[in-house]
1. State yes or no: is LEU145 free of Cβ contacts under 8 Å to residues at least 60 places away in the same chain, farther than 26 Å from GLY64 by Cα and surrounded by fewer than 17 Cβ atoms within 10 Å (Cβ to Cβ)?
2. Of the residues that make up the range 127-134, is at least one closer than 22 Å to LYS19 by Cα and among the aromatic types (Phe, Trp, Tyr)?
3. Please verify whether GLY69 is small (Gly, Ala, Ser) and within 24 Å of PHE166 (Cβ to Cβ), treating the condition exactly as stated.
4. How do the pairs read when you match residues in the range 151-172 that are aliphatic (A, V, I, L, M) with residues anywhere that are part of a loop (DSSP other than H, G, I, E, B) and at pLDDT 90 or above, using Cβ under 7 Å and keeping only pairs 6 or more apart or on different chains?
5. Report, ordered by the first and then the second residue, all pairs with beta carbons closer than 9 Å, sequence separation of six or more or different chains, a first member in the range 118-130 that is more than 14 Å from ILE102 (Cβ to Cβ) and open to solvent by 10 Å² or more (accessible area, probe 1.4 Å), and a second member that is assigned to a strand (DSSP E or B) and of a type in the set (A, V, I, L, M, F, W, C).
6. Inside the range 148-165, can you point out the residues that are open to solvent by 40 Å² or more (accessible area, probe 1.4 Å) and closer than 16 Å to ILE123 by Cβ?
7. If we only count strands (runs of 3 or more DSSP E) wholly inside the range 12-95, which ones have 2 or more residues that are within 26 Å of ALA121 (Cα to Cα) and open to solvent by less than 70 Å² (accessible area, probe 1.4 Å)?
Amino acid sequence: NKPTLPSNLVHALAVSPDKRVWIGTSQGLCYFDLLTEKIEKFPLISGKERRSVQVPSLFCDAEGRLWVGTSDSGLFLLSPSAQGYRTEHYDTSNSKLPGNNIPVVAQLRNGNILVGTNHGAAIRCSDATQFELWHPEHLQNSVVLSFCETKEGQIFVGNVYGLALFPSEDSMPQ
């Protein structure tokens, strides 16, 4: 009995500490349990609004939380709990995320989370619960596709206009 994915178009993969390989597809999120060797679907949107969500980005942070970027429904944060996962949802209506399409999520060495969107980037400091715009003067209308931090703390940002570099002292919001 071959396990099935919500879609064969797999956009993103991430491994969490609880021995799950998370799989972001064009038709939703699921995981492969390394212990049971079974694929389980993980609905992000439930209730009356339940629908499949395209998942182009996944990132498991240093705390074992899974960040799930969607193509039009913002960002979900799955935190392990005794009951499974606690889910938090961020989008343009309830946070300072500049866009609801999330192609990339990354964690800086200082623990801060960077989120690239279709309208710029946002940062969530490691001791905060909300996002702030990150370099809106340079990235406001840019589709941010990738981040990379050097050992020196410089941050490279790949976007639809090419490449931007931010020195380490500018990596925090003003």
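1. So LEU145 does not fit the description; no.
2. Applying the first criterion (closer than 22 Å to LYS19 by Cα) to the range 127-134 yields none.
The answer is no; no qualifying residue exists.
3. Details: small (Gly, Ala, Ser): yes; within 24 Å of PHE166 (Cβ to Cβ): yes.
So GLY69 passes the test.
4. Qualifying pairs under 7 Å: VAL160/VAL143; LEU165/GLN154.
5. CYS125/ILE113; SER126/ILE113
6. CYS148, GLU149, GLN154, PHE156
7. Numbers: elements: 20-25, 28-33, 38-42, 57-60, 66-69, 75-81, 84-90.
Result: 20-25, 28-33, 57-60, 66-69, 75-81, 84-90.
The values are calculated or read from the model by the stated rules, or taken from the named source; none is laboratory data. Bear in mind the structure is a predicted one, so any value in this text is a computation, not a measurement. Cβ: placed from backbone, ideal geometry, glycine included. Neighbour counts: every protein chain shown. For accessibility, only protein heavy atoms count, side chains too; no ligands or nucleic acids. Shrake-Rupley method; radii C 1.70, N 1.55, O 1.52, S 1.80 Å.
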